[in-house]
1. Be a star and scan the stretch 311-327 for residues whose amide nitrogen sits under 18 Å from the point 7 Å along the Cα-to-Cβ vector of GLN345.
2. Compute the signed sum of charges (Lys and Arg +1, Asp and Glu -1) over the other residues within less than 15 Å, Cβ to Cβ, of ALA236.
3. Under the rule of at least 5 residues apart or a separate chain, name every residue whose amide H is placed under 5 Å from the amide H of ASN217.
4. By the scheme Lys and Arg +1, Asp and Glu -1, what is the net charge of all other residues having a beta-carbon under 14 Å from that of MET137?
5. How much length is gained on full extension from TYR158 to VAL116, taking 0.36 nm per residue of separation minus their Cα-Cα distance?
6. Put one equal scatterer on each alpha carbon of the stretch 177-284, apply the Debye formula with no solvent term, and list log10 I(q)/I(0) at q = 0.10, 0.15, 0.17 1/Å to two decimals.
7. In terms of the ratio Rg/(2.2 N^0.38 Å) built on C-alpha atoms, what value belongs to the stretch 75-121?
8. Between ASP359 and SER208, how many nm apart are label points set 7 Å from Cα along the C-beta direction?
Amino acid sequence: MAVTKSIIILVLFVMAALLVKPVMGGTLYLSGSPNLSASISGTNEFSPNSDVQISITIQNTGQSKDKLVQSGITDRDDLPTTAKFLISTLSSGNAPVSIKTDPVMLGDLAESSSAVAQYTVKILENAEGGTYILPLMLNYSYLSSASQYNDATMEYFYQSKEITLDIPITIKPEVVIDVLSAEPEHITAGAKGYITIQVKNSGTAHGSQAIVVLTRNGDSPILPVDDSVYIGDFPAGSTATARYKISVSGRAEQQSYPVDVGVVYLNAEGDSESTREKTIGVPVGGKVNFAIVSPPAAMHPGNKKEILVEYKNIGGSPVYSAQARISAVDPFTSASDIAFIGDLQPNESRVITYPLGVDRSATIKEYGLDSEIRYRDALDNTHISDPMKVTVDVTATEGIAIILTNPIYLSIVAAAVIGIAYLAYHYRKKKE
């Protein structure tokens, strides 16, 4: 009986032990703080006069080395190695760049983790080649200490910190061009001309076997005929001159139109490089054009006469060795349909004559005879003008002109004159 009682007591003791929840220990970190580093993800080499995206990876390698685990300690919500409310600010320092992005808020960065901040950076056009430092300022706070008043109450103490890290970037030495001048030579709509361009190497690299290239800009009416000029060595700070023949569409107006200029060269390693193109404006003169400013020529059916036609240069450029031509079609005829005009400056006019005849059966009305001018420009290129109309007003014959232009009337008049002369002759004979 005593043994049975002892067994029951032992079982009750074991059951009671199983029902009692053991006291768990908490962790207290005795030391530790964030340890932040930063580096560029991808390349850190950039070209002058470019807009680039720079991704900076920020790594937290902080560790809590000393910690105490015991009962009665409540685990903290934050660790002392967490960088809280992290803000990343990139500045240009002394580098020839412009930072386009505002400070980046990255939130909390725990130990053994990383975050990426992206920045838009403008590399200035005339940036010299070399390595530069961009200061990266990191602002954050971290848990410096905590006090536990009882099992349910903790007080946390945070400390703010600001550190600046160096972010190195490399700007490649390159040829950078400035267009110092662009002088047009006889550039007019619908014709060919020349343009002389002077370029300067404003970069820091020496270009070898350099070629200055002129290209069409979009749908500009200016099309290079010769698009490449070899200039050889192109040292930093030097200038070079290139002359190109260009063609201008007939649709161009009297204004400036764009063309693009660039340089292709070999760098110090012997690799081919191309500069960023520069767009320049080229002034284009108005299309050479003519107008007939004389009044309509008046003729009667059966007439043959020289008509006067006045041609005027209403374009913006002079013309040389101009010749006018008229198309004499039925009911008109002409012994010579070409007349020499000579040289005409803008707004200058000249009167020429055409021998013209009109058939007696011509309808009484106003006629328009096609006329055009063949001329040479300042570069001795031959052109033909747009067609013009020489107006001839054929009107009915009036008065004595009716008799003088009608063969029947002329025959009657001739017969009458002969009869009168005959009668006069016989009359004088009888008197004798």
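1. Within reach of a label on GLN345, which here means backbone N under 18 Å from a point 7 Å along Cα→Cβ, the stretch 311-327 contributes 311-322.
2. Numbers: positive: LYS172, LYS200; negative: GLU125, GLU128, GLU174, ASP178, ASP233, GLU273.
Net local charge, ALA236 excluded: -4.
3. Amide H neighbours of ASN217, under 5 Å, 5+ apart: ASP260.
4. In short, -2.
5. That works out to 12.7 nm of additional length.
6. -0.28, -0.59, -0.73
7. Here the Cα radius of gyration is 1.49 times the empirical estimate.
8. Reported label-point gap for ASP359 and SER208 is 7.9 nm.
Rule-based calculations on the coordinates, nothing more; no lab input. These numbers come from a predicted model, not from an experiment. Because the Cβ atoms are built from the backbone with ideal geometry, glycine has one as well, and the counts that use them run over all protein chains shown.
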